[in-house]
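Engineer: First, the structure itself, so that you have it in front of you.
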Amino acid sequence: RRQLDVLRGESDTIGARLQHDLAAMRPFPAAPFEACDQDNGRVSSQSLVRYKTNDYSVPVAFGHQDVWIRAYVDTVVIGCRGEVIARHPRCWDRDEIVFDPIHYLPLLEQKINALEQAAPLQGWDLPEEFATLRRLMEARMNRHGRREYVQVLRLLETFDLADLQVAVKQALHMGAIGFDAVKHLLLCRVERRPPRLDLDCYPYLPKATVEKTEARSYMRLLAGDMA
């Protein structure tokens with residue numbers, strides 16, 4: 001409505017001045033503008049990268065490598081060369097360590113005795129099915145069961161927690177307590193195909209044969225006591 005108007009002190013109309021401005025404007029860049037603070041860093045021996053006053057974890061495979069950092073208002077993204085290797089909620093406190101437990105699972109798989117004391121895993125709130133799975137694995141397979149439990153957790157490197165939780169719940173229900181069974185059930189869920197598990201492959205607990213109770217067996221016991 002106002003493009004034909006002329007403002008005080010101007011000789012051209014608003015519409016004419018708009019056309020001059022549009023002609024002088026540059027086109028949008030091919031890539032969207034990254035509204036972030038960009039920095040460089042180096043991964044420490046603890047697989048941590050310092051940005052400002054806080055440390056953020058990256059996968060242990062990138063130890064002692066140079067990385068780039070993009071810090072947004074609510075997110076810190078860390079990459080190595082052309083690959084994004086870590087993404088964390090940004091911490092606005094000071095001298096804090098922001099862990100992603102998944103980053104340290106390959107190392108814990110090798111040093112399985114450190115599973116209880118590992119700082120990155122402290123406070124990791126997993127669904128209760130995972131604790132049940134770990135308890136059964138350790139009871140049935142001892143040390144090897146603890147390693148298989150870490151292998152189950154490493155599936156989170158590729159799959160969502162919700163899908164893995166369903167697979168763990170199915171494995172517990174079927175009594176197929178093992179990494180291979182959980183992975184099979186998870187892949188079947190993702191690929192939407194029915195599972196095909198041979199439960200004879202999981203003989204960690206011997207099958208008990210319970211005979212039908214008979215009165216004469218009880219009488220035989222009484223006869224023995226009387227003798």
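The values are calculated or read from the model by the stated rules, or taken from the named source; none is laboratory data. Remember, it's a predicted structure, so these values are computed and weren't measured experimentally. All Cβ positions, even for glycine, are placed from backbone atoms using ideal geometry, and neighbour counts span all protein chains on display. Heavy atoms of the whole protein, side chains included, go into the accessibility calculation; ligands, DNA and RNA do not. Shrake-Rupley method; radii C 1.70, N 1.55, O 1.52, S 1.80 Å.
Engineer: Going through segment 16-41 one residue at a time, which ones are loosely packed, with under 12 Cβ neighbours inside 10 Å and either among the acidic types (Asp, Glu) or closer than 21 Å to Pro120 by Cα (or both)?
Structural biologist: Listed by number, the residues that qualify are Asp21, Glu34.
Engineer: Just to be sure, is Ala171 at pLDDT 80 or above, open to solvent by less than 50 Å² (accessible area, probe 1.4 Å) and not in a helix (DSSP H, G or I)?
Structural biologist: On the way: at pLDDT 80 or above: yes; open to solvent by less than 50 Å² (accessible area, probe 1.4 Å): yes; not in a helix (DSSP H, G or I): no.
No; evaluated as a whole, the condition is false for this residue.
Engineer: Please go through segment 91-106 and give me each residue that is over 15 Å from the mean Cα position of the chain (by Cα) and either outside the structural domain of Tyr51 (by the TED database) or of a type in the set (A, V, I, L, M, F, W, C) (or both), ordered by number.
Structural biologist: Cys91, Trp92, Ile97 - these are the residues of segment 91-106 that are over 15 Å from the mean Cα position of the chain (by Cα) and either outside the structural domain of Tyr51 (by the TED database) or of a type in the set (A, V, I, L, M, F, W, C) (or both).
Engineer: Given the structure, is Arg147 crowded, with 16+ Cβ neighbours inside 10 Å, of a type outside the set (Gly, Ala, Ser) and outside the structural domain of Asp55 (by the TED database)?
Structural biologist: Here the answer is yes, as Arg147 does meet what is asked.
Engineer: Here is a follow-up. Applying the selection to segment 103-118, what residues are in contact (Cβ under 8 Å) with a residue 40 or more places away in the chain, aliphatic (A, V, I, L, M) and surrounded by fewer than 18 Cβ atoms within 10 Å (Cβ to Cβ)?
Structural biologist: Correct list: Leu107 only.
Engineer: Give me a count of the residues in segment 122-144 that are surrounded by fewer than 16 Cβ atoms within 10 Å (Cβ to Cβ) and closer than 27 Å to Leu48 by Cα.
Structural biologist: 5
Conditions (1) within 24 Å of Arg189 (Cα to Cα); (2) modelled with pLDDT of 95 or more; (3) open to solvent by less than 30 Å² (accessible area, probe 1.4 Å); (4) assigned by the TED database to the domain that holds Thr53, marked per residue:
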| position | (1), (2), (3), (4) |
| --- | --- |
| Arg81 | no, no, no, yes |
| Val84 | no, yes, no, yes |
| Pro89 | no, yes, no, yes |
| Pro120 | no, no, yes, no |
| Val152 | yes, yes, yes, no |
| Leu155 | yes, yes, yes, no |
| Leu164 | yes, yes, yes, no |
